[in-house]
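Here the structure comes first, spelled out in structure tokens, and everything after it is commentary.
Every number here is computed from the coordinates shown, using simple stated rules; none is lab data. Owing to the predicted nature of the structure, the values given are computational and were not obtained by experimental measurement. Don't worry about glycine lacking a Cβ; one is built from the backbone with ideal geometry, like all the others, and counts go over all protein chains shown.
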Amino acid sequence: MLEGVEADGAFPEILLDAELARRTLALRDVALATELVYGALRWQRYLDWILAPHSKRALDGLDTRVRVLLRLAAYQLAFLERVPPFAVVNDAVTLAPRTPGVKAFVNAVLRSFARRGAAEREPAPPRDPVEALAVRCSFPTWLAARWVRRYGATEAEALMRAMNERPPLTLRANTLRLGRDALSARLVAEEGLRPQATRWAPEGLVVGGGGAPGTWRAFADGSFAVQDEASMLVARLLEPRPGEAVADVCAAPGTKTTHLAQLMENRGRVLAFDREPARLARVGEAAARLGVVIVEALDGTVEARAPAFRGACDAVLVDAPCSNLGVLRRNPDAKWRRRPEDLAAGAARQRTILEAAAAMLKPGGRLVYATCSLEPEENDEVTKAFLAAHGDFALDPPPAFPIPLDVDGALRCLPHRHGTDGFTAVRFRRA
């Protein structure tokens, strides 16, 4: 799987789901496989750094499979305790290519590495303090440098380390069926879980860092959706009301779409647009499972669909496609895919979507622009450009909100401060 991620740019969640679907594994083995894949991706740069002194060859010059095997084994040796070191090394050697000398090379590198204690593993850090921080926290130097400039070195390190943590499994109680307390009691009785109420979102539960929620009875009958707490706050910022006409213009896979309908008490109309038909189908599936009947899934981009609904909506949500740099604890491969120039390219697309979505609003209507990014190019600069071009729109932060809003009225969720994914969102109102 990791070979496909590195060599072909494949998405790990897709490869992992496909691989697990064709095998019959115990839940603890599924959990271990998931931990290995995502752990090796999160700590990729750090693993290369601590492995390098044990290899006579540069790691970036190795065959992809060999490099991935070394990282997987090093991750187990440095971060996990379930499998004994000798077994980790033997497994890696067994999986190594049969090319002459390769198995012996893998064996030598990992046995040398395994002999080192935790305090001895880190070699001398780079002289540049930002690069040293980036290596230790396993981040690209360009991204670490951005965050150090914006937050300072101490907070930037806290942010990067929070992005490397295993994210919790967070659920949104489907209040169309039952409340949060009732869902919690049911999960205790049926699954033996110990749910905790989320800090900010009133319909959220944290049930730990693992498990297979898709196999639970409460999932099958639509009693909850899997959703991070920060994501739940985005729909609440829009404040959709029963009976309104609301649009979610980047709707797939439907998590926020169904939350909008839930907050509307399943009364009114929710237009759900997405340009990818296969992903849009998931919106309908989610709505059916949750008992949502007011969602209309419409295939196509907002630019193509918006003219037919000009001035028709009370509220519009733009959950824009972005760099995903706020959700690296769930998508660690994104930090190795992204480049600085991607931010400007993404912002251009975001401005186009926001422009089209704004035309759908009635006078007095509410518009929320949100990204799962922390970067100013994708948030603050898009907001400023939109306001400069639309004199009939103004920022409209709610007077009260579950989580403190920024001084400029923006919702900014940060993993190291709030324990959530990283999200940014603002609300506008049309005059």
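Side notes on the structure shown:
- Projected label distance in nm at Asn107 and Ala87, using a 7 Å step from Cα toward the beta-carbon: 2.0 nm
- Peptides 250-259, 280-289, 351-360, 303-312, ordered by how many other C-beta atoms sit within 10 Å of their residues on average, highest first, read 250-259, 351-360, 280-289, 303-312.
- Extents of the chain, largest first, come to 70, 50, 35 Å (Cα atoms, principal axes, whole angstrom).
- Of the peptides 418-424, 198-204, the order by per-residue mean of other Cβ atoms within 10 Å, starting with the highest, comes out as 418-424, 198-204.
- The DSSP beta bridges internal to the chain are antiparallel in roughly 55% of cases.
- Extended-chain gain in nm, criterion 0.36 nm per residue less alpha-carbon gap, Ala10 and Arg217: 71.3 nm
- Percent of Cα-Cα distances greater than 18 Å, calculated over segment 2-124: 52 percent
- Between Thr64 and Leu27, the C-beta separation translates, for a Förster distance of 30 Å, into a calculated FRET efficiency of about 0.50.
- Residues Glu296 and Arg194, FRET efficiency given R0 of 45 Å [Cβ-Cβ distance, rounded to 0.05]: 0.70
- Among the lysines of the chain, pairs that are 8 or more positions apart or on different chains and have alpha carbons within less than 28 Å of each other number 7.
- Here segment 45-70 is scanned for amide nitrogen atoms under 18 Å from the site 7 Å beyond the Cα of Thr99 along Cα-to-Cβ, giving 55-70.
- Ascending count of other beta-carbon atoms within 10 Å, so fewest first, for Phe273, Phe113: Phe113, Phe273
- Full-stretch length increase - Ala288, Asp181 - with 0.36 nm per residue and alpha-carbon distance subtracted: 36.2 nm
- For segment 43-91, the orientation-averaged shadow of the C-alpha convex hull comes to 3.4 nm² (one quarter of the hull surface).
- The ranking of Leu59, Leu290 from fewest to most other beta carbons within 10 Å of each one's beta carbon is Leu59, Leu290.
- Relative counts (whole %) of C-alpha pair distances in segment 170-226, using bins that are 10 Å wide: 26, 65, 9
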